[in-house]
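A short write-up of the structure that comes next.
What follows is calculated from the coordinates using simple rules that are stated; it is not laboratory data. Keep in mind it's a predicted model, so treat the numbers as computed, not measured. We place every Cβ from the backbone using ideal geometry, glycine too, and count neighbours over all the protein chains shown.
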Amino acid sequence: MAATAPLPRALPAWRPKRVLVTRSAREWAHGRAIMERAAAAGIEVRELASDRLMLDNPDDPRRAYTEAKSTLAVVVAPPSKRRLQPIAPSADWRVDLAEGCPAHCSYCYLAGSLKGPPITRVYANLEEILDGLPAYLGQGTITSRNRDRVHEGTTFEASCYTDPLALEPLTGSLSAAIAWFGQWQAAAQLRFTSKFADVSPLLALDHGGRTRMRASLNPRAFARFEGGTSPVAARLAALRQMALAGYPVGLTIAPIIAAQGWEEAYGALIDDAAAALAGVPDLDITAELITHRFTAGSKAVLDSWYPGSALDMTGENRSTKRTKFGTEKQVYDAATMKALRSFFERRIGEALPAARILYWT
Ligand code: SF4
């Protein structure tokens, strides 16, 4: 891709219909800054009298979904949410700057993780969240166990419960976290992955090489499963911009969907990614490969949110896997997994030999 090539258009930034701000969130400067940004953008800002979030139509599930997905709530993360959890294989620790996402992916893993209407909540006490991180330094298990990752230090994943880039124009949380890691004189890395493409606020930050952005990707042919996200070409162009700005980068190919034509579709995606990153000096690139899976619980929620989705969640080509928490999930069966894995490892090796594959799951 020539440096002067026109960039594919990203979607306009997410504009929630309303921003709800709890009483406690208004006590934090970051919370007040988000309120000001929303008000300046002409978005309705409601200052709540307490810390309880109420929606207009909580009894009608369809309306509740729509209302929730168009609401940004500014809240305070309680101590229980600030206690970090290990998050293998993506990173040593999960750090949440927010919870929830405005997009409408018909496989969204949040459906099985978050309870209640899917309001996006951003944390006002960002300073407190970041100040808690040094206590975890050197305690990771992923980076210390994996020789390929040891130079990255202790890793902190910010995309487990949200897509932080989707919220960035209103929240500024991701920029603040990147700048904070940039100044942290420690062997540590912030990580985020995104299906969005507006990286303009991040390009000039003093990141110190301590944040790795990955583009979360699926082929264009599967874009129908990813409502409200940025076009894949825009995500790849954004990744190039980040790499040129000196960030370590990566591909999160997720969730890998073994639908008809997957080989051609993913082959073209890998070629597009290689073309998008061609000629970037000192490219530091990784790949994470995550196959589609679901639980009975997440399927029930997704079926109610996206009735009529063409995403296959029948038992075909699936086998049941028990998690370490004793629950069951449906993953692709051994033959499908084998075919997928050997294809991805071969195609990435051919098209993007510089990419270190961090894991397959
Ligand atoms: Fe869920 Fe990610 Fe899609 Fe957001 S972008 S709806 S977090 S899968």
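Annotation: cysteines of the chain without a disulfide-compatible partner (Cβ-Cβ under 4.7 angstrom) are C101, C160. Listed by chain and number, the lysines whose C-alpha is less than 17 Å from the C-alpha of K329, apart from same-chain residues fewer than 8 away, are K299, K321. When the stretch 18-360 is described by a simple charge dipole with +1 on each Lys and Arg Cβ and -1 on each Asp and Glu Cβ, the residue from P118, L170, T314 located farthest towards its positive end is T314. Near T162, the amide H atoms lying under 5 Å from its own belong to G100; only residues 5 or more places off or on other chains count, and H is placed 1.01 Å from N.
For the chain, the calculated P(r), taken from all Cα-Cα distances in 20 Å bins from zero up to the bin holding the longest distance, is 29, 61, 10 percent. Projecting the Cα atoms of F225, S200, L239 onto the charge dipole of the stretch 195-256 (Cβ charges, centred on the Cα centre) puts F225 farthest toward the positive pole. For the cross-link pairs K115/K195; K81/K338; K115/K338, which exceed 27 Å when the distance is taken from alpha carbon to alpha carbon? Going by Cα-Cα distance, K81/K338; K115/K338 fall outside the 27 Å limit. Along the axis of the charge dipole computed for the chain (Cβ charges of +1 for Lys and Arg, -1 for Asp and Glu, origin at the Cα centre), the listed residues T361, H292, Q330 are led at the positive end by Q330.
Among M35, M337, the order by Cβ neighbours within 10 angstrom, fewest to most, reads M337, M35. Dipole size of the stretch 244-318 about its Cα centre, with +1 on Lys/Arg Cβ and -1 on Asp/Glu Cβ: approximately 360 debye, rounded to the nearest 20.
Compute the Cα gyration tensor for the stretch 235-361, then decide on rounded, prolate or oblate, letting a ≥ b ≥ c be the square roots of its eigenvalues: rounded whenever a/c is under 1.5, prolate when a/b is larger than b/c in the other cases, and oblate in all that remain. Prolate, since a/c reaches 1.5 and a/b exceeds b/c. The mean sequence separation of alpha-carbon pairs under 8 Å and at least six residues apart, normalised by the residue count of the chain, gives a relative contact order of 15 percent. Each Lys or Arg adds one and each Asp or Glu subtracts one; over the other residues with Cβ under 12 Å from the Cβ of V45, this totals +3. For K324, the aspartates and glutamates whose Cα falls under 20 Å of its own Cα, not counting residues fewer than eight places away in the same chain, are D92, D333. Each eigenvalue of the Cα gyration tensor of the stretch 217-295, multiplied by 5 and square-rooted, gives one semi-axis; in descending order these are 23, 12, 12 Å. Under the convention that each Lys and Arg Cβ holds +1 and each Asp and Glu Cβ holds -1, the size of the dipole of the chain around its Cα centre is about 520 debye.
With contributions of -39500 (n - 2.57) from each DSSP H run of at least four residues, the per-residue ellipticity at 222 nm computed over the chain stands at -9000 deg cm²/dmol. Note on the stretch 174-289: with charges restricted to the Cβ of Lys and Arg (+1) and Asp and Glu (-1), its dipole about the Cα centre is near 280 debye.
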